[in-house]
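Beneath this line is the structure, given in structure tokens, with notes to follow.
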Amino acid sequence: MMKMMDTHSHIYLPEFDADRGEMMQRMQDSGIFKVLMPNIDHSSIQPIKNLQQEFPHLVVSAMGLHPTSVKDDFENELALCYQELKSGNYVAVGEMGIDLYWDKTHFEQQKEAFRRQVNWALEFDLPLIIHSRDSFDEIFELMDELWNPALRGVFHCFSGKKHQAEKIVEDYKFLLGIGGVITFKNSGLAAEIGNIALEHLLLETDAPFLAPAPHRGKRNEPSYLTLIAQKLAETKNISPQKIAEITTQNALNLFNIKTQ
């Protein structure tokens, strides 16, 4: 059985309240031995802590402020995240970034929150988990402004173009998070990342969102990571086992996770 890590999954959300135990079992039965849970805002901090306590060997967490939660009160939200990061219980800063898909009203605040969280990554020596929906150019501008060779991380749920993928892995040395989108019939993602070496890729589900085919449109969950690995294996013309090995090692290295 393939052993893999789901590097981005919101399994603490209410969508899993009815059957979380069974979902966690299916996950383990599928060979998923670790899940990274990124924070969204103040409302998700306690649910993440609760799961961390309940499944300490199966989950790790990231702390940050999601761009769609950046509103007028974003300073308060950031203060809560910063307090949490000081506890030392988190493996990354995130999910942070810029989102210009849903709402551009707070774009300036999103940029300020981005800058602040990049500084946290440097302060705490943690990788970043970057959300980049409809915002690659804006994020590249910020990255160039804030650049420090010590920065590292992943562009979560990458669904951009070949030149964007190349810029991320070559200029910033960041990884690409590959999720269910690669299985969508007309996404074109497989072609866009065709020449990106496996050493630059992570696997993720973004559960409960973006379920891979044939579950598209339904609730996503970590056990579906195997479908993403299989699709990437077809794309790269190598075995799913090799995909699992390399992307999992990438994840363990990036998030500094020790396995027993």
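Pairing each residue of the stretch 93-111 that is polar (S, T, N, Q) with any residue that is buried (at least 16 other Cβ atoms within 10 Å of the Cβ) and not in a strand (DSSP E or B), provided the two are 6+ apart or on different chains, yields C-beta distances under 7 Å for Gln109/Val70; Gln109/Phe74; Gln110/Pro67; Gln110/Val70.
So if I check each of Ser30, Ser44, Ser69, which one is over 15 Å from the mean Cα position of the chain (by Cα), closer than 18 Å to His106 by Cβ, at pLDDT 95 or above and among the polar types (S, T, N, Q)?
Details: Ser30 fails: closer than 18 Å to His106 by Cβ; Ser44 fails: closer than 18 Å to His106 by Cβ.
Ser69 is the lone residue from the list that is over 15 Å from the mean Cα position of the chain (by Cα), closer than 18 Å to His106 by Cβ, at pLDDT 95 or above and among the polar types (S, T, N, Q).
Closer than 28 Å to Asn148 by Cβ and surrounded by 13 or more Cβ atoms within 10 Å (Cβ to Cβ) - does that describe any residue in the stretch 47-55? Let's see the steps before the verdict.
Kept after step one, since they are closer than 28 Å to Asn148 by Cβ, are these residues of the stretch 47-55: 48.
Among the residues that remain, those that are also surrounded by 13 or more Cβ atoms within 10 Å (Cβ to Cβ) are: 48.
So far as the stretch 47-55 goes, yes, one or more of its residues are closer than 28 Å to Asn148 by Cβ and surrounded by 13 or more Cβ atoms within 10 Å (Cβ to Cβ).
If you check Met24, Met4, which single one turns out to be over 27 Å from Ile98 (Cβ atoms) and buried (at least 24 other Cβ atoms within 10 Å of the Cβ)? Walk me through how you get there before you give the answer.
Details: Met24 fails: buried (at least 24 other Cβ atoms within 10 Å of the Cβ).
Of the residues listed, the single one that is over 27 Å from Ile98 (Cβ atoms) and buried (at least 24 other Cβ atoms within 10 Å of the Cβ) is Met4.
Scanning the stretch 114-130 turns up one or more residues that are in contact with an Asp or Glu (Cβ under 7 Å, 6 or more places away or on another chain) and crowded, with 16+ Cβ neighbours inside 10 Å.
Looking only at the stretch 25-74, residues that are among the hydrophobic types (A, V, I, L, M, F, W, C) and either assigned to a loop (DSSP other than H, G, I, E, B) or over 16 Å from Glu204 (Cα atoms) (or both) come to 10 in all.
Does at least one position in the stretch 86-108 carry a residue that is in a helix (DSSP H, G or I), more than 19 Å from the chain's Cα centre (by Cα) and either of a type outside the set (Val, Ile, Thr) or surrounded by fewer than 20 Cβ atoms within 10 Å (Cβ to Cβ) (or both)? Checking the stretch 86-108: at least one residue is in a helix (DSSP H, G or I), more than 19 Å from the chain's Cα centre (by Cα) and either of a type outside the set (Val, Ile, Thr) or surrounded by fewer than 20 Cβ atoms within 10 Å (Cβ to Cβ) (or both). Annotation: of all residues in the stretch 202-239 being assigned to a loop (DSSP other than H, G, I, E, B) and small (Gly, Ala, Ser), the one that is nearest to Phe158 (Cα to Cα) is Ala211. Of everything listed in (1) of a type in the set (S, T, N, Q); (2) within 22 Å of Leu126 (Cβ to Cβ); (3) surrounded by fewer than 19 Cβ atoms within 10 Å (Cβ to Cβ), the single unmet condition for Ser69 is (3).
Based on this model, can you work out whether Ala244 counts as farther than 21 Å from Gly160 by Cα, hydrophobic (A, V, I, L, M, F, W, C) and not in a loop (DSSP other than H, G, I, E, B)? Taking the combined requirement at face value, the residue satisfies it.
Hey, could you check the stretch 179-198 for residues that are outside any helix (DSSP H, G or I) and either crowded, with 23+ Cβ neighbours inside 10 Å or of a type in the set (Phe, Trp, Tyr) (or both) and say which is farthest from the chain's Cα centre (by Cα)? Walk me through how you get there before you give the answer.
First pass over the stretch 179-198, keeping only residues outside any helix (DSSP H, G or I): 179, 184-188, 193-197.
With the extra rule that they be either crowded, with 23+ Cβ neighbours inside 10 Å or of a type in the set (Phe, Trp, Tyr) (or both), the set shrinks to 179, 184, 193.
Working: Gly179: 9, Phe184: 19, Ile193: 17 Å.
So the residue we want is Phe184.
The values are calculated or read from the model by the stated rules, or taken from the named source; none is laboratory data. Predicted, not measured: the structure shown is a model, and the values here were computed from it. Because the Cβ atoms are built from the backbone with ideal geometry, glycine has one as well, and the counts that use them run over all protein chains shown.
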